[in-house]
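Contents: one structure, followed by commentary.
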Amino acid sequence: MKTIQTMYFGEVEIDESSLLHFEEGMAGFADAHTYALLPFDEDEGGLMCLQSDERPELAFIVVNPSMVLSGYEPRLEEADERALEIGADTPVHLLAVVVVKSGMENCTANLKCPVVVNAQTLAAKQVVLPGEYSMRWPLGPQKKGA
Amino acid sequence: MLVLSRKAGESLVIGDGITVTVQSVKGDVVRIAIDAPRQVPILRGELVAAGEVNREALGAEDSALQALRAGGRRRKHPGQKVTRYMRRLRHAHGHRRVVYI
């Protein structure tokens with residue numbers, strides 16, 4: 001176990017084997033390679049925090065994108081599947097980075113560049129999807145289509 | 001800005017040691033090969049934009065975050081419905097190439 005300083009939860013004890021490994025870091029933050037995924041609520045599908053274990057100020061609010069857009073099951077680029085060693089039956093977690101503003105209607109999720117996690121190895125990467133998805137998809141009421 | 005037309009198989013050389021070759025053009029997709037020294041970072045434009053969104057995402061105000069969490073709890077029921085739907089979908093398509101969980 002390891003104690004880390006977090007942005008939203010104070011000091012937290014984490015199991016180092018549960019850390020996500022970003023070989024390339026998050027977009028714009030290439031220097032931080034390991035993050036803990038900390039849920040805000042017990043509620044499945046609620047907000048989570050992607051917290052750097054070394055830099056407390058590096059804490060992204062993330063959400064399961066299928067909670068934001070039902071039917072969100074994007075195709076990944078082959079290069080990204082290779083980088084994360086995602087094969088035919090590899091379980092994959094997707095996380096969308098949320099920009100939190102005051103007022104639900106002003107909050108958005110980045111559905112174009114989700115964080116993809118190989119749930120077996122915990123290798124993670126923020127990818128660019130080939131499809132037509134919004135980088136600023138509003139969290140308000142659900143809309144049809146992507 | 002320099003604008004050039006290139007055909008498949010043709011290339012451009014930028015500065016010292018960067019070669020950009022158009023491999024193929026199919027419909028609206030252009031396949032590009034880039035030969036550059038290892039220390040030259042090559043990023044897709046969207047990833048640079050994603051970096052800007054990420055930077056913005058770090059500035060979450062606490063009050064806004066609390067409000068969003070409260071909003072999420074109110075919508076708890078529909079959210080669970082979506083999760084159940086996703087599970088059903090996975091069962092129905094057990095052979096899928098990638099399993100989303």
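Readers should treat all values here as calculations from the given coordinates under stated rules, not as data from a laboratory. Fair warning: this is a prediction, and the values are worked out from it, not measured in the lab. Methodologically, a virtual Cβ is constructed for each residue, glycine included, from the backbone with ideal geometry; neighbour enumeration extends over all protein chains shown.
Worth a mention:
- Site pair A:Thr3 and A:Glu132 shows an inter-label distance of 5.3 nm when each label is modelled 7 Å from Cα along Cα→Cβ.
- Relative contact order [Cα under 8 Å, 6+ residues apart], chain A, whole percent: 19 percent
- Projected label points at A:Glu78 and A:Glu54, each 7 Å from Cα along the beta carbon direction, are separated by 3.4 nanometres.
- Taken residue by residue and averaged, Cβ atoms of other chains lying within 10 Å of the Cβ of A:15-26 number 1.
- Between the amide H of B:Ala60 and any residue lying 5 or more places away or on another chain, no distance stays under 5 Å, with hydrogens modeled in the peptide plane.
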